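Enquirer: The structure is given below, and queries will be raised subsequently.
The values are calculated or read from the model by the stated rules, or taken from the named source; none is laboratory data. Predicted model only: the values in this text are computed from it and were never measured. Positions of Cβ are generated from backbone atoms using ideal geometry, with glycine treated the same way; all protein chains shown enter the neighbour counts.
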Amino acid sequence: MNIGIVGAGAVARRAHIPTIKQMSGIDLIAISDPNENALRKVSSEFNIRKTYRDYIDLLEDPSIDIVDICSPTHTHVEVILEAIGRGKHVLVEKPLALSLADAIRISNELNKTSLKLCCIQMPAPSCERL
């Protein structure tokens, strides 16, 4: 499956991207971020071939199956709903939403599809497992 990441900030660079790169059967093929410098740096560092300044362009890429949302928290609901609307599975860094009403909106839209959504909290890379 092909994955695209929305957001080229610290959580993507330090946790999501390194983890995805270690997984078999998953290809990280695209990243989006409105910050051109961050986008260029992360795509070069991790050899991500497709870059988009606008996440909508990433969502419209038919080769992407899963969208990993690492954008600022206040953008999560909008990006999730847009991804669901375009038939993409969603992985999102916590929190899912900032209100119960928004979480219910997401659930209602997701329930109209066969898509999967997973909200995760990536551990800090320096954390050791017990």
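Enquirer: In the stretch 92-122, how many residues are more than 18 Å from Val11 (Cα to Cα), surrounded by 12 or more Cβ atoms within 10 Å (Cβ to Cβ) and charged (D, E, K, R)?
Expert: Qualifying residue count for the region: 3.
Enquirer: Looking at Ile56, Ile29 in this structure, which one is surrounded by fewer than 17 Cβ atoms within 10 Å (Cβ to Cβ) and aliphatic (A, V, I, L, M)?
Expert: Matching residue, one of Ile56, Ile29: Ile56.
Enquirer: Return a yes/no flag: does the stretch 102-112 have any residue that is under 15 Å from Met1 (Cβ atoms) and outside any helix (DSSP H, G or I). Step through it out loud before you land on a result.
Expert: Keep residues of the stretch 102-112 that are under 15 Å from Met1 (Cβ atoms), which gives none.
Checking the stretch 102-112: not a single residue is under 15 Å from Met1 (Cβ atoms) and outside any helix (DSSP H, G or I).
Enquirer: Given Ile80, Ile69, Ile64, which one is more than 14 Å from Ile3 (Cβ to Cβ) and buried (at least 19 other Cβ atoms within 10 Å of the Cβ)? Step through it out loud before you land on a result.
Expert: Working: Ile69 fails: more than 14 Å from Ile3 (Cβ to Cβ); Ile64 fails: more than 14 Å from Ile3 (Cβ to Cβ).
Unique residue meeting the criteria: Ile80.
Enquirer: Quick one: Ala124 ticks every box in (1) modelled with pLDDT under 95; (2) within 19 Å of Asn2 (Cβ to Cβ) bar one, so which box is it?
Expert: Exception for Ala124: condition (2).
Enquirer: Within the stretch 33-41, identify whether any single residue is crowded, with 22+ Cβ neighbours inside 10 Å, within 20 Å of Met122 (Cβ to Cβ) and either out of contact with any Phe, Trp or Tyr (no Cβ under 6 Å at 6 or more places or on another chain) or charged (D, E, K, R) (or both), and answer yes or no. Don't jump to the end; show me each part of the working.
Expert: First, the residues of the stretch 33-41 that are crowded, with 22+ Cβ neighbours inside 10 Å: 33.
Filter once more, so that each one left must be within 20 Å of Met122 (Cβ to Cβ): 33.
From what's left, either out of contact with any Phe, Trp or Tyr (no Cβ under 6 Å at 6 or more places or on another chain) or charged (D, E, K, R) (or both): 33.
There is at least one residue in the stretch 33-41 that is crowded, with 22+ Cβ neighbours inside 10 Å, within 20 Å of Met122 (Cβ to Cβ) and either out of contact with any Phe, Trp or Tyr (no Cβ under 6 Å at 6 or more places or on another chain) or charged (D, E, K, R) (or both).
Enquirer: Separate question: Filtering the stretch 87-101 down to residues that are farther than 11 Å from His76 by Cβ and not small (Gly, Ala, Ser), which residue is nearest to the chain's Cα centre (by Cα)?
Expert: The qualifying residue nearest to the chain's Cα centre (by Cα) is Leu91.
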